[in-house]
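Report on the structure given below.
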Amino acid sequence: MRLLPSALAVAVCAPLAFAQTTFTSTNFPSLAAPNGIAAGDLDGDGDIDVATAHPSIDTVAANLNLGGGGAWANGALFGYPAGSAPVELVVDQLDATSFRPDVAVVLQGVNRVAIHRANGAWPGYFAPQYVGVGVMPIEAVAFDVDMDGDKDLAVICQNPSTVYVLRNTGGLFAVAAVIPLTVSPHAIGTANFNLYGGPDLVVTGSAGGAFAEVLINTTVGPVTFAPNQLFPVDFRPFGVCTGDFNGDGYMDIATDNAAFSTVSVLLNDPTALAGTTVGFNRVDYPLAPGVIAGPQTEIHCGDYDCDDDIDFAVTCNSVNRVALLWNSGAGVYSPPTFAAAPLGCGDICGADFTGEGWLDLATGNVVSNDVTILKNDFVGTLCRHEFIGGIGDGFGPALPFGPEDACPNPAVVAWSGMPSRNFDGAPACGSAVAHSFVNLPGNIKSARLSMRMRADCVSSPNDRFYLGYDAVNNTMVFGQPMTTMTGSAWTIGTFGGVGLDLAALPGGTNLLQKMALDGRLDILIGDDTTVDAMFLTIETCANSNTGMNLSVSPLVWGTTINWTVNGAPNAPPGGTLFLIGPAVGPGPSVPGGDLCLLAPSILGFAPTSLAGTAAISITLPWMPFPPCITLSNQAVAWDGTGTIYKHSNTWTSQFFD
């Protein structure tokens, strides 16, 4: 899409400085030679476990997290006939009816994939479904090829070099496409590289040279892909991962390369995007002098230091270490630091095993027959913020809850050509909805956008939903049909909503880094849909000593607003100060750390109960023509026992009613 005028200016922050953390490694016994490893809440108890594949003994094992990542229980989970050789596995929600993740296992010895659907409480599973694939399958990835809301599978096979796409229908799988490859494959990943449609695939391997082979998804009905495109990387690319490395909203590729112990970074070139054609710009980063990645190296992408950019972790089994490459914030990487791992570390996965909010790592070690949990030593605090655009009043036409007046950002007014935004007006056929959430803080760890909408016109089924304006290329970096977003036909008179994880949008796009760098989220819906409400909730990694949880009722003129905090100091009973300020920022320094508010003002003081709660209420007047207001709220209480201040999370709200 190249439709937007250049009037929409996007502020871009300077790249962040290099930030790093360390990892503490602990080894836990496993079964013989764990070749593949994957993370997920296998037993449904709320913490993240690990599953491992053991081809030498035809077994998949479960490594159950006993709480906080400090203790693990290991044991066989699935056994297969001799010679089945389970080499890799996927842990994901493959059956929408289960409350626990399912497990798909690549059985190299018999050229099949075993799909184990969770059945009730742990350790229940249905009898596996076996799906035949090509000769020598080596790896699989879960992705929603047809955008129908459930996860399908893609499996790479070596003889001949192919990708088998297994389509999911109600938890049952069947081969839907077999795609020939140019490379002899080593690894497979997924992301949406060309902005639109379903998630694409990337396969690394060799074909006279070394390449990342990109397959652009063109599925509409039958599973189809555009002609494969080859992009050179360094030699012997054994692993691959994807992410938005430079914060421009476009998904990039990284490979770890065993021949010369490098990481190849392929940054998506949006100027090359044309339909199903994509382009990438390559930079190679050496691991370190004398460090050999080894024959079973793998790579993981993740934001390990909570600074809004994607770092890399690479297993180096020849030196029994994990190399960590740190992102500057602009897709440029520093020389690596290292964490210890046992003999033969090969496959790697990442998840929050400790429940602290930061990404930890886990490796399978084929020589020492154990699993290493690399606990992230990052120190920080999660602050929660809520941004509101429009109030969810069910499209009510009567005062005091509607019609609503809104004040879009001036750039959005220029962009959409509309002098104002009416969230609850008459049917708006031919008028696009445009809105920007502005003044977003940095260090965004998670973000969720929720919306309530109505299809107003006969042509509503043709509407599209866009996020994230790219001012350089004059386009939006995410776009999907409304029918895909709402899961309905979106015909005239239909009510619907979306709840979007902005780190994992349909197709695999991640907008977190772009939002943090731009300081905004731009939304466009065109052009026969009315929006009732938009809610953006984010978590940030803030340098504050939180310790208390603040909740705020919706900010609506003419109603009573309640501020409530839990977890305040209660020995001895004391008081809590509720603060209000114009924005989120580093704030003044106090004994407990830095406040999340910039230039706060005293809003009110309330006594703290013996249960550690405190609350205040303020009734706002009714305003016939309300202004746009952005408020940040925080509570601070003195802990006499600890002789520190305890801070609540921060709520930032924009309201238009």
Pick out, from segment 423-521, the strands (runs of 3 or more DSSP E) lying fully within it that include 1 or more residues that are buried (at least 22 other Cβ atoms within 10 Å of the Cβ).
433-438, 444-455, 464-470, 475-481
Do any residues in segment 296-309 that are closer than 18 Å to PHE238 by Cα have Cβ atoms under 6 Å from those of residues that are polar (S, T, N, Q) and open to solvent by 10 Å² or more (accessible area, probe 1.4 Å), where the two are at least six apart or on different chains, and which pairs are they?
GLN296/ASN317
Against the definition (closer than 30 Å to SER25 by Cβ and at pLDDT 55 or above), how does ILE388 come out, yes or no?
no
Quick count over segment 519-536, residues being closer than 22 Å to ASN443 by Cα and at pLDDT 85 or above, is 6
Would you be able to say whether some residue in segment 463-477 is within 22 Å of ASN268 (Cβ to Cβ), of a type in the set (Asp, Glu) and in contact with a helix residue (DSSP H, G or I) (Cβ under 8 Å, 6 or more places away or on another chain)?
yes
For ILE115, indicate whether it is part of a strand (DSSP E or B), closer than 19 Å to LEU153 by Cβ and open to solvent by less than 20 Å² (accessible area, probe 1.4 Å).
yes
Condition test on LEU467, is it farther than 30 Å from ALA611 by Cβ and within 16 Å of the chain's Cα centre (by Cα)?
yes
Total residues in segment 312-334, condition of a type in the set (Val, Ile, Thr) and either surrounded by 24 or more Cβ atoms within 10 Å (Cβ to Cβ) or under 15 Å from GLY350 (Cβ atoms) (or both)
3
Quick one: GLY205 ticks every box in (1) surrounded by fewer than 24 Cβ atoms within 10 Å (Cβ to Cβ); (2) over 23 Å from ASP311 (Cβ atoms) bar one, so which box is it?
(1)
Looking at ARG236, is it open to solvent by 10 Å² or more (accessible area, probe 1.4 Å), within 14 Å of ILE299 (Cα to Cα), free of Cβ contacts under 8 Å to residues at least 60 places away in the same chain and among the charged types (D, E, K, R)?
yes
Specify the residue that is modelled with the highest pLDDT; the eligible residues are those in segment 325-363 that are of a type in the set (A, V, I, L, M, F, W, C), within 19 Å of the chain's Cα centre (by Cα) and farther than 22 Å from ASP47 by Cβ.
TRP326
Taking GLN20 as meeting all but one of (1) more than 30 Å from ALA330 (Cβ to Cβ); (2) within 22 Å of the chain's Cα centre (by Cα); (3) surrounded by fewer than 21 Cβ atoms within 10 Å (Cβ to Cβ), write down the number of the exception.
(1)
Single condition PHE245 does not satisfy, out of (1) modelled with pLDDT of 95 or more; (2) touching a Gly at 6+ places or on another chain (Cβ under 7 Å); (3) of a type in the set (Phe, Trp, Tyr); (4) open to solvent by 10 Å² or more (accessible area, probe 1.4 Å):
(4)
Matching residues in segment 345-361 - criterion: being of a type in the set (Gly, Ala, Ser), assigned to a strand (DSSP E or B) and farther than 16 Å from THR21 by Cβ
GLY346
What are the residues in segment 45-95 that are open to solvent by less than 10 Å² (accessible area, probe 1.4 Å), more than 16 Å from ASP352 (Cβ to Cβ) and over 23 Å from the mean Cα position of the chain (by Cα), if any?
THR52, ALA53, HIS54, VAL60, ALA61, ALA62, SER84, PRO86
Would you call VAL141 of a type outside the set (Phe, Trp, Tyr), under 23 Å from the mean Cα position of the chain (by Cα) and under 24 Å from ASN27 (Cα atoms)?
no
Scan segment 335-346 and tell me whether some residue there is of a type in the set (A, V, I, L, M), within 17 Å of LEU89 (Cβ to Cβ) and surrounded by 23 or more Cβ atoms within 10 Å (Cβ to Cβ).
no
Would you mind finding the one in GLN108, GLN129 that is over 30 Å from THR483 (Cα atoms), surrounded by fewer than 19 Cβ atoms within 10 Å (Cβ to Cβ) and of a type in the set (S, T, N, Q)?
GLN129
Qualifying positions in segment 210-233 - open to solvent by less than 20 Å² (accessible area, probe 1.4 Å), in contact with an Asp or Glu (Cβ under 7 Å, 6 or more places away or on another chain) and outside any strand (DSSP E or B)
ILE216, VAL223
Assigned to a strand (DSSP E or B), of a type in the set (A, V, I, L, M, F, W, C) and open to solvent by 20 Å² or more (accessible area, probe 1.4 Å), is that true of ILE138?
yes
Working only within segment 371-392, note down all residues that are part of a strand (DSSP E or B) and either among the hydroxyl-bearing types (Ser, Thr, Tyr) or open to solvent by less than 20 Å² (accessible area, probe 1.4 Å) (or both).
VAL371, THR372, ILE373, LEU374, ASN376, THR381, CYS383, HIS385, PHE387, ILE388, GLY389
Of all residues in segment 191-209, count the ones that are touching an Asp or Glu at 6+ places or on another chain (Cβ under 9 Å) and either closer than 26 Å to GLN158 by Cβ or without any contact (Cβ under 8 Å) to a residue 40 or more places away in the chain (or both).
10
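The values are calculated or read from the model by the stated rules, or taken from the named source; none is laboratory data. As the structure is a prediction and not an experimental result, all values here were calculated from the model. Quick reminder, even Gly has a Cβ in these numbers, built from the backbone with ideal geometry, and neighbours come from all protein chains shown. These area figures cover heavy atoms from the full protein model, side chains too; ligands, DNA and RNA do not enter into them. Shrake-Rupley method; radii C 1.70, N 1.55, O 1.52, S 1.80 Å.
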